[in-house]
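What follows is one structure encoded as structure tokens, with my remarks underneath.
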Amino acid sequence: MSLFSIFYYLLLVLVYILALPFLVFKAKNPKYKQAIPSKFFLRNNPSFEENSIWFHSCSMGETKAIKPLLDYYKNEANVSVITNTGFEEALKSTSNVRYLPFEIFLPFWINKQKVLVVMEAELWFMLFLFAKKKGAKTFLINARISDKSYNSYKRFSFFYKRIFKNIDKVFAQSDIDKERLEELGATNVEVLGNIKLAQEPKVNNILKKVDDILITAASTHENEEKLILNAYERDQGRLVIVPRHPERFDSVDLLIKEYIKDKPLTYHRYSQEENFNSDIILVDKMGILNDIFTISDVVILGGAFEKIGGHNPIEPAFFKCKLISGKQIFNQKPLFECVKDFYLIENDELNKYLNNIKDLKKSALIKAGSIDPIIKEINACKR
């Protein structure tokens, strides 16, 4: 290990020791009872078997995007993740799933793999360093540097240059991403587009379309439901609200009940009655958003009316919904570039747009993606 690597490792050990009381406290939360012990104490989190193809992604969205690759290499794929939702999504493709341990554990947790394929911005120094040292070819796929994070990356370019020394090939989403990645020290960069477009959104259940306009507020965050309810009028259509995080279902339920108490509107939770017959429906069930898009006329995409960065517009565009979102889409710009006919609006314009639903154009996809070059590179490493 270089002097820098030793210093970096000792710094991480210090951070780990200081964080131990907090980690023990957070581990008592049911939400983290598996993830924190796995990542920070290696509980029930053994190393992968050797000489396989190791994929690493962060959360559910990234793990969904690599599903075609996991399916292709089903018997050889190992998957590490960061989040609970990523873990659950990966289990749908393989049982060889782990939480990625904190970096101080990686030097002895990592064993020899044929290939390491890392998704998007998971630039962990120890991950690439020791995967490479143990003999793996290393790839960064779907790589991008957002406008918002670009200056932050540049400030720490000395650090990222050291990371990219241990990455053999980078597949970037766009030409501007390629330029930014090369500025940070990446070499052997190829523009491939966004691999999230390489698979069609999956529909699990065929839902019955109601005889009315259906407005779906999808992946909403705190304060966005209130904004949407205040912009909503019954003659616009029926309103379906799908919060991004399941732990907020009950609080959104209370918000809707408070909103309708002096209004002649009907309301129910989807978990209690699986239909769309009320004026307002709270979808408090996971995994059916694409099903709902198939019967939706309008999608109000959350995460962009607050400073969240937006959410993936590909699914509603694939189903040709009329698509409205806020202007805070800084994390999703490359995906919005793959869509035509969408509306990015100010928060106070939502009522106006909902009152003019008939005049809005349906969104559609204008680009496609491919995983074939990634497969070609991986297969070359297996020979």
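The values are calculated or read from the model by the stated rules, or taken from the named source; none is laboratory data. No experiment lies behind these values; they were computed from the predicted model shown. Using ideal geometry, Cβ is built from the backbone for each residue, glycine included, and neighbour counts are taken over all protein chains shown. Heads up: the accessible areas ignore ligands, DNA and RNA and are worked out on the full protein's heavy atoms, side chains in. Shrake-Rupley method; radii C 1.70, N 1.55, O 1.52, S 1.80 Å.
Once fully extended, how much extra length lies between N205 and I6, figured as 0.36 nm per residue of separation less the alpha-carbon to alpha-carbon distance?
Difference between extended and current length: 66.4 nm.
Might you tell me the accessible area per residue for the chain, computed with a 1.4 Å probe and given in Å²?
With the other protein chains kept in place, the chain gives 48 Å² per residue.
How far apart, in nm, are the 7 Å Cα→Cβ label points at K133 and E190?
Modelled inter-label distance: 2.9 nm.
So how far, in whole Å, is the C-alpha centre of segment 180-231 from the one of segment 268-284?
Segment 180-231 and segment 268-284 have Cα centres spaced 22 Å from each other.
Within segment 266-308, what residues put their amide N at less than 12 Å from the label point 7 Å along the Cα-to-Cβ vector of E88?
285-288
Starting with the highest mean, order 254-267, 168-181 by the number of other Cβ atoms within 10 Å, averaged over the residues of each peptide.
168-181, 254-267
As an exercise, identify the chymotrypsin sites (Phe, Trp or Tyr not before Pro) in segment 311-383 lying in DSSP coil whose Cβ has no more than 15 other Cβ atoms within 10 Å.
Of the chymotrypsin sites (Phe, Trp or Tyr not before Pro), the ones in loops of segment 311-383 whose Cβ has at most 15 other Cβ atoms within 10 Å are F330.
In whole percent, and with a 1.4 Å probe on the protein chains, what portion of the accessible area of segment 3-107 is carbon and sulfur?
About 63 percent, which is the carbon plus sulfur part of the accessible surface.
Pick out, from Q332, N290, C381, the residue whose Cα sits farthest towards the positive end of the charge dipole of segment 267-383, with +1 on the Cβ of Lys and Arg and -1 on the Cβ of Asp and Glu.
The Cα lying farthest towards the positive end belongs to C381.
Going by average Cβ density within 10 Å per residue, which order do the peptides 7-18, 130-141 take, highest to lowest?
130-141, 7-18
Out of segment 325-373, which trypsin sites (Lys or Arg not before Pro) are coil in DSSP terms and have no more than 11 other C-beta atoms within 10 Å?
none
Go ahead and run the numbers for FRET between F156 and D212, Cβ-Cβ distance against an R0 of 51 Å, rounding to 0.05.
0.50
Could you derive backbone 3J(HN,Hα) for segment 274-279 from the dihedral phi with the Karplus parameters 6.51, -1.76 and 1.60 (θ = phi - 60°), listing whole Hz in sequence and x where the residue is Gly or Pro?
Calculated HN-Hα couplings, in order: 7, 8, 10, 7, 7, 5 Hz.
What percent of all Cα-Cα pairs in segment 153-204 falls in each 5 Å bin, counting up from 0?
Going from the shortest bin to the longest, the percentages are 5, 20, 24, 19, 12, 8, 6, 5, 2, 0.
What are the residues whose amide H is under 5 Å from the amide H of V240, where those residues sit 5 or more places off or on another chain and H is modelled from the backbone?
Excluding prolines and chain starts, which carry no amide H, the hits are I215, T216, A217, I281.
As a test question: what accessible area, to the nearest 10 Å², does E224 have when a 1.4 Å probe is rolled over all protein chains in place?
Probe radius 1.4 Å; accessible area of E224 about 0 Å².
Name the lysines eligible as straight-distance cross-link partners of K154: C-alpha to C-alpha under 17 Å, and not fewer than 8 places from it in the same chain.
Cα-Cα hits under 17 Å: K165, K178.
What's the tally of Lys pairs in segment 255-357 whose alpha-carbon atoms lie under 17 angstrom apart, where the two lysines are 8 or more places apart or on different chains?
7
Would you kindly work out the equivalent ellipsoid of segment 338-383 from its C-alpha gyration tensor and give its semi-axes, the square roots of five times the eigenvalues, largest first in whole Å?
After diagonalising the Cα gyration tensor, the semi-axes are 43, 12, 6 Å.
Can you pull the percent of segment 156-245's accessible area that's carbon plus sulfur, 1.4 Å probe, other chains left in place?
Carbon and sulfur: 44 percent of the exposed surface of segment 156-245.
Show the residues, 5+ positions off or on another chain, whose built amide H is closer than 5 Å to the amide H of V118.
Amide H neighbours of V118, under 5 Å, 5+ apart: H56, F139, L140, I141.
Within segment 325-360, which GluC sites (Glu not before Pro) sit in a loop by DSSP and count at most 16 neighbouring Cβ atoms inside 10 Å?
For GluC sites (Glu not before Pro) across segment 325-360 that sit outside H, G, I, E and B with at most 16 neighbouring Cβ atoms in 10 Å, the list reads E337, E346.
Provide the FRET efficiency to the nearest 0.05 for the F41-L344 pair, computing r from the beta carbons and using R0 = 45 Å.
0.55
Give the separation of the Cα centroids, segment 1-71 to segment 118-169, in Å.
The two parts, judged by their Cα centres, are 16 Å apart.
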